[in-house]
Amino acid sequence: MSRDLWTGLSDDQLLQQCDVDTYRASGPGGQKRNKTSSAVRLRHVPSGLIVIAEESRSQHENKAKALRRLRQALFLKLRKPLTEHELPHVGRCSEIAAAVNTAGRLDVGRRDPRFWPATGVALDVLDALQARVHDAAVALGVTTGNLLAFLQTEPKVWEQANILRQRHGQKPLRAAD
């Protein structure tokens, strides 16, 4: 099953693919936190991804946070291989087209529901093009500066871009000051 199929599932369907562990989290929160098993760990069996949420004293809230983190991890960690035939058309794919504004810039914030799907495609393109940012920007139909700014929107995305660059023998990207 591919990332697209998993990310398209409802929360209940995605949760059915997970092993769910609850446990007592340590840290601040007083005696109530130490008495209840409110922390949640999700293991997505098909992909092998593991996420946790333990901030809240509510198991229900932590499960919802863990599901959001799992969806993000699917876009961050799982790469969809792109063929040479697909690369010239990737800038017109729905995830990128939805995230590009009228000025032709990738312009969605982290809280925008279009952010993570666009991130997944941008990282897929970066991986397919041996982590060459300029080539990835051209394929996506944006400027190199715009792609770099987009990747810096979220520290985890920036980290993943640098992991891809390292894997392809490229120097790490430096954050703009």
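The values are calculated or read from the model by the stated rules, or taken from the named source; none is laboratory data. In this text the structure is predicted, and so the values were computed from the model without any measurement. Every residue, glycine among them, receives a Cβ derived from its backbone with ideal geometry; neighbour counts consider all protein chains shown. Heads up: the accessible areas ignore ligands, DNA and RNA and are worked out on the full protein's heavy atoms, side chains in. Shrake-Rupley method; radii C 1.70, N 1.55, O 1.52, S 1.80 Å.
Extension gain, ILE50 to HIS85: 0.36 nm times the residue separation minus the Cα-Cα distance gives 9.3 nm. Net charge dipole, region 1-121: roughly 540 debye, given to the nearest 20, about the Cα centre with Cβ charges of +1 for Lys and Arg and -1 for Asp and Glu. In the chain, helical runs assigned H by DSSP with n ≥ 4 each contribute -39500 (n - 2.57); averaged across all residues and rounded to the nearest 500, the mean residue ellipticity at 222 nm is -14000 deg cm²/dmol.
Annotation: VAL121 carries an accessible surface of approximately 10 Å², with a 1.4 Å probe and no ligand, DNA or RNA atoms counted. 3J(HN,Hα) couplings calculated from phi for region 7-16 with the Karplus curve 6.51 cos²θ - 1.76 cosθ + 1.60 (θ = phi - 60°) are, in sequence order, 6, x, 6, 5, 4, 5, 5, 5, 4, 5 Hz; Gly and Pro show x.
The tail of the calculated P(r) for the chain, taken as Cα-Cα distances beyond 24 Å, holds 44 percent of the pairs.
Would you please report the Å³ per residue occupied by the convex hull of the alpha carbon atoms in region 115-177?
Details: hull volume 4.5 nm³, N = 63.
Given the Cα convex hull of region 115-177, per-residue volume reads 72 Å³.
Based on alpha-carbon centroids, what's the gap between region 121-172 and region 52-82 in Å, whole number please? Computed from Cα coordinates, the inter-centre distance equals 22 Å. The packing ranking of peptides 97-110, 60-73, highest mean first, is 60-73, 97-110, where packing means the average number of other beta carbon atoms within 10 angstrom of each residue.
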